[in-house]
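Read through the structure below, which is laid out as structure tokens, and then see the notes.
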Amino acid sequence: MQIQTSKKITPEEYLVLEEKAEYKSEYRDGQIVPMAGGTTNHNEIAGNFYSNLKPAIKKCNYRVFMGDVRLWIPRYRQYTYPDVMVIQGLPVYTGTNTTTIMNPLLIVEVLSKSTKNYDQGDKFLFYRSIPEFQEYLLIDRYQYHVMQYVKTAEGKWLLTEYESENSKLTLQSVEFEIAFSDLYENVNFAESEE
């Protein structure tokens, strides 16, 4: 759902509005798009991924961020809030604050019915314009299912799907593996959401 305005909002105007807002919104080339609220399953999955990954890469040259750190994609004029991002080395910030970065190596999105088509389509296109971006995970919150896209040395994107409760997800951009039993811990698929 986009907020309709009589004129396009500039990125600078969006940032001012976002600082004062009571809820998070994305910016899509002049339009402000309110973000849907999270659910318990969504939060469990993102939290499980983050809490297992963070200690595994603690002594490495990576930083892990969750959904409150904003991502700026200049080519497509997009501000968005991925569920989890991993950066190699130091973050590249926009402006003088530390709320918005530009250089994720890995992005994780937990899918919902209202965002899955966008996350798999246009948003993935936007993410691919980031030079440092190497791996994209789309995690289903309604069933055991993860889509893993990895950028090859030739610049092609290779898809691997995991669909078994007994699966183990092995990252390519970062040395890390997580069992689905850990990724989906405390997730109740029977709960009706959205």
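The values are calculated or read from the model by the stated rules, or taken from the named source; none is laboratory data. None of the values given here were measured: they were computed from a predicted structure. Note that each Cβ is placed from the backbone with ideal geometry, even for glycine, and that neighbours are counted across all protein chains shown. Remember, those area values only see protein heavy atoms, side chains included, never the ligands or the DNA or RNA. Shrake-Rupley method; radii C 1.70, N 1.55, O 1.52, S 1.80 Å.
Within the range 133-187, the set of residues being of a type in the set (Val, Ile, Thr) and touching a helix residue (DSSP H, G or I) at 6+ places or on another chain (Cβ under 6 Å) comprises Ile139, Ile178, Val187. So Glu18 fits all but one of (1) over 22 Å from Tyr127 (Cβ atoms); (2) over 18 Å from the mean Cα position of the chain (by Cα); (3) not hydrophobic (A, V, I, L, M, F, W, C); what number is the exception? Here Glu18 clears every test but (1). Quickly run through the range 49-76 and pick out the residues that are open to solvent by 90 Å² or more (accessible area, probe 1.4 Å) and closer than 17 Å to Phe124 by Cβ. Passing the criteria: only Arg75. For the subset of the range 16-30 comprising residues that are within 13 Å of Tyr81 (Cβ to Cβ) and not in a strand (DSSP E or B), which member is least open to solvent (accessible area, probe 1.4 Å)? Per the criteria, the residue is Glu18. Per the listing Tyr149, Tyr142, the residue uniquely in contact (Cβ under 8 Å) with a residue 24 or more places away in the chain and surrounded by 18 or more Cβ atoms within 10 Å (Cβ to Cβ) is Tyr149. Take Pro104 and tell me if it is in contact with a strand residue (DSSP E or B) (Cβ under 6 Å, 6 or more places away or on another chain), within 22 Å of Asn48 (Cβ to Cβ), open to solvent by less than 60 Å² (accessible area, probe 1.4 Å) and not hydrophobic (A, V, I, L, M, F, W, C). Against the criterion (in contact with a strand residue (DSSP E or B) (Cβ under 6 Å, 6 or more places away or on another chain), within 22 Å of Asn48 (Cβ to Cβ), open to solvent by less than 60 Å² (accessible area, probe 1.4 Å) and not hydrophobic (A, V, I, L, M, F, W, C)), Pro104 qualifies.
Beta carbons closer than 8 Å, at least 6 apart along the sequence or on distinct chains, pair a first residue in the range 60-75 that is closer than 17 Å to Phe49 by Cα with a second that is open to solvent by 40 Å² or more (accessible area, probe 1.4 Å) and of a type in the set (Val, Ile, Thr) for Val69/Thr99. Of all residue pairs spaced 6 or more apart or on separate chains, those with beta-carbon atoms under 9 Å, a first member in the range 163-177 that is basic (Lys, Arg) and a second member that is open to solvent by 50 Å² or more (accessible area, probe 1.4 Å) are Lys168/Glu177.
A quick yes/no check of all residues on (1) open to solvent by 10 Å² or more (accessible area, probe 1.4 Å); (2) among the aliphatic types (A, V, I, L, M); (3) within 21 Å of Asn43 (Cα to Cα):
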{"site": "Tyr93", "(1), (2), (3)": "yes, no, no"}
{"site": "Asn117", "(1), (2), (3)": "yes, no, yes"}
{"site": "Leu125", "(1), (2), (3)": "yes, yes, no"}
{"site": "Ile130", "(1), (2), (3)": "no, yes, no"}
{"site": "Glu161", "(1), (2), (3)": "yes, no, no"}
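Could you list all residues from the range 31-41 that are free of Cβ contacts under 8 Å to residues at least 40 places away in the same chain and open to solvent by less than 50 Å² (accessible area, probe 1.4 Å)?
Quick first cut of the range 31-41, residues free of Cβ contacts under 8 Å to residues at least 40 places away in the same chain only: 31-34, 37-38.
Answer for the range 31-41, where residues must be free of Cβ contacts under 8 Å to residues at least 40 places away in the same chain and open to solvent by less than 50 Å² (accessible area, probe 1.4 Å): Gln31, Ile32, Val33, Pro34.
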